[in-house]
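Taken together, the values in this text are just the output of simple stated rules run on the coordinates, not laboratory data. These numbers come from a predicted model, not from an experiment. Glycine gets a Cβ as well: all are built from the backbone with ideal geometry, and neighbour counts include every protein chain shown.
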Amino acid sequence: VIIKDKKIYKAGTGAVPEGYKVKDFGDNIIIPGIIDSHVHGCNTAVMLSGVSLMEAESIKDVLNLIEERCSTTDEELVLAPFFIVPQIKEGRFPTRKELDSVSHGKRVMVINITLHSSSINTAAYEFVDFTGKEQGMTKDEDGVFNGWLTEDEVNFHAMGELIAGMSDEKIEEYI
């Protein structure tokens, strides 16, 4: 890679033109600063506006944080990202019924820190069209959907529909 004026000027093989310094990086990989850091700018802004569950250690902690937001906001959707299952005493997501008990009628989604699984309340469940996307919607011992979305397809579908239901103005405010 030839760098000229702090920009990639040329890349390839062969002799290095006269006047350029050679640096040997061995077996290391060189990644230019233009690499996408994979943050999904819009979704990151929306998530950062949510109720961070980074410090929650129990389902009670999660529910208290969500109720605090739900009881004080006029927003229809309350996202609660950065949920870390292994640090939760109960070792699980909150159930749909538990979220219903603190949601004040708002749509609520608790999102795993990996973004690959979540838990939603009844208002969120009723807002999203899950037709054909039932794989990964877990059920309780009575066969009733318990709120947990454990497969990427259903989880990202629900997240997408819930965020798409936000106003453009609200998303722009978050960005």
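Between F83, F156, F93, the Gaussian network model of the chain with springs among Cα atoms under 10 angstrom shows the greatest mean-square fluctuation at F156. Positive-end ranking of I175, V128, H157 along the dipole of the chain, with charges on Cβ about the Cα centre, is headed by I175.
Specify the longest stretch of the chain that does not include any exposed loop site, a site being one of the trypsin sites (Lys or Arg not before Pro) with a non-H, G, I, E, B DSSP assignment and at most 14 other Cβ atoms within 10 Å. Answer - 93-175.
Name the residue, out of T73, T131, T114, whose mean-square fluctuation peaks in a Gaussian network model built on the chain with Cα pairs under 10 Å. Among T73, T131, T114, the largest mean-square fluctuation in the Gaussian network model of the chain belongs to T131. Between E57 and I171, the C-beta separation translates, for a Förster distance of 30 Å, into a calculated FRET efficiency of about 0.45. In the chain, helices alone account for a calculated mean residue ellipticity at 222 nm of -8000 deg cm²/dmol, with every DSSP H run of four or more residues adding -39,500 (n - 2.57).
In degrees from 0 to 90, rounded to the nearest 10, what is the angle of the helix 152-164 Cα long axis to the longest principal axis of the chain? So the helix axis and the longest Cα principal axis differ by about 80 degrees.
Could you check which residue among V39, V110, V62 shows the biggest mean-square fluctuation in a GNM of the chain with a 10 Å Cα cutoff? Comparing V39, V110, V62 in the GNM, the peak value goes to V39. Here K139 is the anchor, and the lysines within straight C-alpha reach of less than 29 Å, apart from those fewer than 8 places off in the same chain, are K60, K89, K97, K106.
Quick one: longest stretch of the chain between exposed loop GluC sites (Glu not before Pro), exposed meaning at most 13 other C-beta atoms within 10 Å and loop per DSSP? Don't skip to the end; give the middle numbers.
Details: sites that count: E18, E55, E57, E90, E134, E141.
Result for the longest clean stretch: 91-133.
With respect to the chain, whose longest principal axis is taken over its alpha-carbon atoms, helix 59-70 is tilted by about 90°.
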